[in-house]
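Input: a single structure, listed below in structure tokens.
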Amino acid sequence: MQAFTLTHGGAPLAVTRHESSGPARASVVIGGAIGVPQRYYQDFAAWLARQGFHVLTFDWRGQGQSLQGPMRSARATLQDWVADYEAVIAHAREALPGQPLLLIGHSLGAQLPGLFAHPERVDGLLAVAAGSGYWRVNAPQLRRTILPFWYVVMPITTTVCGYFPGARLGMIGDLPAGIAWQWRRWCLNPLYGMGAERARERYARVRFPIHLLRVHDDEMMSEQANHDLLAMYPGAAQAMQTLGREDAQGQRIGHLGFFKARFEPLLWPRAEAVLRRWCAVAQTTGTAADCGHTTAS
């Protein structure tokens, strides 16, 4: 494991690299959920490296180890985070040229690739616990309380503090004010980020395959939200696989649980199997994007 810093757009990006001990099958970039620091993904990234992948995790600008100074001084937009994502992808491509470049997108990490300037650099996206964040398709238990959050809690706390103090509130995590306000606008739009940014054509340019691991007890994403996210990528070959109670041997998974070390023997091989299949396709066709899938639970 090696930690280093990329400088992109004048902002430092804290990155961690896990290298395979032997020849790497592919580069994998893990795009994290909003408010979740990259350290949360390290056990999974290290395990994936042991399976033969070159893995990079990172903190979005203004988050985790990429934060410079107080949170209230952080300046970032979701477009900045898209650019951060692509900067890490470009670095991974340079480090392992000629090999497939695959993404594992947790929640927000699977929503942002539709805004990429260069989606052709990606050979596949494994989406985990990901869906549209539009409030009407939130999981039922969240939907009952989310409007007071968006119209009262988030505006007041962000205005008073100069950033969203999620850590203190036990909600999401601390966010730069620009991210919080923009994300609010996305979540109040029926077409989520694609609608809020008028980006339908950009999402339609995506041609890499998407495999979504849906979590049956996700407290944030409903099944409709999962389907709505895939619908934002109409040009991509797609598959959806549900991780049920029996897959976790009765343990709770939830929105964040997939990446916890206790699921190494139970759930992580599901992810590795998808990446391995895409690598096999890339070896025979030259690109994982030629691998056709259909949406199914």
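Annotations
- Per the conditions (1) open to solvent by 40 Å² or more (accessible area, probe 1.4 Å); (2) part of a loop (DSSP other than H, G, I, E, B), the sole criterion not satisfied by residue 24 is (1).
- Taking residues in the range 173-197 that are farther than 15 Å from residue 151 by Cα and open to solvent by less than 40 Å² (accessible area, probe 1.4 Å), and partners anywhere that are among the hydrophobic types (A, V, I, L, M, F, W, C) and not in a loop (DSSP other than H, G, I, E, B), the pairs with Cβ atoms closer than 6 Å and at least 6 places apart or on different chains are 173/167; 175/164; 192/186; 193/186; 196/186.
- Residue tally, condition in a loop (DSSP other than H, G, I, E, B) and of a type in the set (S, T, N, Q), over the range 88-116: 2
- Condition broken by residue 158, with the remaining ones in (1) part of a helix (DSSP H, G or I); (2) of a type outside the set (A, V, I, L, M, F, W, C); (3) out of contact with any Phe, Trp or Tyr (no Cβ under 8 Å at 6 or more places or on another chain); (4) open to solvent by less than 10 Å² (accessible area, probe 1.4 Å) satisfied: (3)
- In the range 245-277, the qualifying residues are those that are within 19 Å of the chain's Cα centre (by Cα) and among the aliphatic types (A, V, I, L, M), and the one that is surrounded by the most Cβ atoms within 10 Å (Cβ to Cβ) is 275.
- Residues that are over 27 Å from residue 202 (Cα atoms) and either open to solvent by 40 Å² or more (accessible area, probe 1.4 Å) or in contact with a Lys or Arg (Cβ under 6 Å, 6 or more places away or on another chain) (or both), drawn from the range 223-244: 242
- For the range 198-211, taking the residues that are surrounded by 22 or more Cβ atoms within 10 Å (Cβ to Cβ) and of a type in the set (A, V, I, L, M, F, W, C), the one that is nearest to residue 240 (Cα to Cα) is identified as 210.
- One residue from 79, 65 being assigned to a helix (DSSP H, G or I), within 24 Å of residue 230 (Cα to Cα) and open to solvent by 60 Å² or more (accessible area, probe 1.4 Å): 79
- Yes/no for residue 153 being outside any loop (DSSP other than H, G, I, E, B), at pLDDT 95 or above, closer than 18 Å to residue 181 by Cβ and open to solvent by 30 Å² or more (accessible area, probe 1.4 Å): yes
- Residues in the range 249-284 that are part of a loop (DSSP other than H, G, I, E, B) and more than 17 Å from residue 212 (Cβ to Cβ): 249, 250, 251, 252, 260, 264, 265, 266.
- Test: residue in the range 117-135 that is part of a helix (DSSP H, G or I), closer than 14 Å to residue 186 by Cβ and open to solvent by 10 Å² or more (accessible area, probe 1.4 Å): yes
- In summary, residue 49 fulfils each of the numbered conditions (1) in contact with an Asp or Glu (Cβ under 7 Å, 6 or more places away or on another chain); (2) open to solvent by 20 Å² or more (accessible area, probe 1.4 Å); (3) of a type outside the set (Ser, Thr, Tyr); (4) assigned to a helix (DSSP H, G or I) with the single exception of condition (2).
- Within the range 161-172, if we keep just the residues that are part of a helix (DSSP H, G or I) and in contact (Cβ under 8 Å) with a residue 24 or more places away in the chain, the residue that is surrounded by the most Cβ atoms within 10 Å (Cβ to Cβ) turns out to be 166.
- Residue in the range 86-105 that is closer than 24 Å to residue 226 by Cα, open to solvent by 30 Å² or more (accessible area, probe 1.4 Å) and of a type in the set (S, T, N, Q) present: no
The values are calculated or read from the model by the stated rules, or taken from the named source; none is laboratory data. This structure is a prediction, so every number in the text was calculated from the model and none was measured. Every residue, glycine among them, receives a Cβ derived from its backbone with ideal geometry; neighbour counts consider all protein chains shown. We work out accessible area using only protein heavy atoms, side chains counted, and drop any ligands, DNA or RNA first. Shrake-Rupley method; radii C 1.70, N 1.55, O 1.52, S 1.80 Å.
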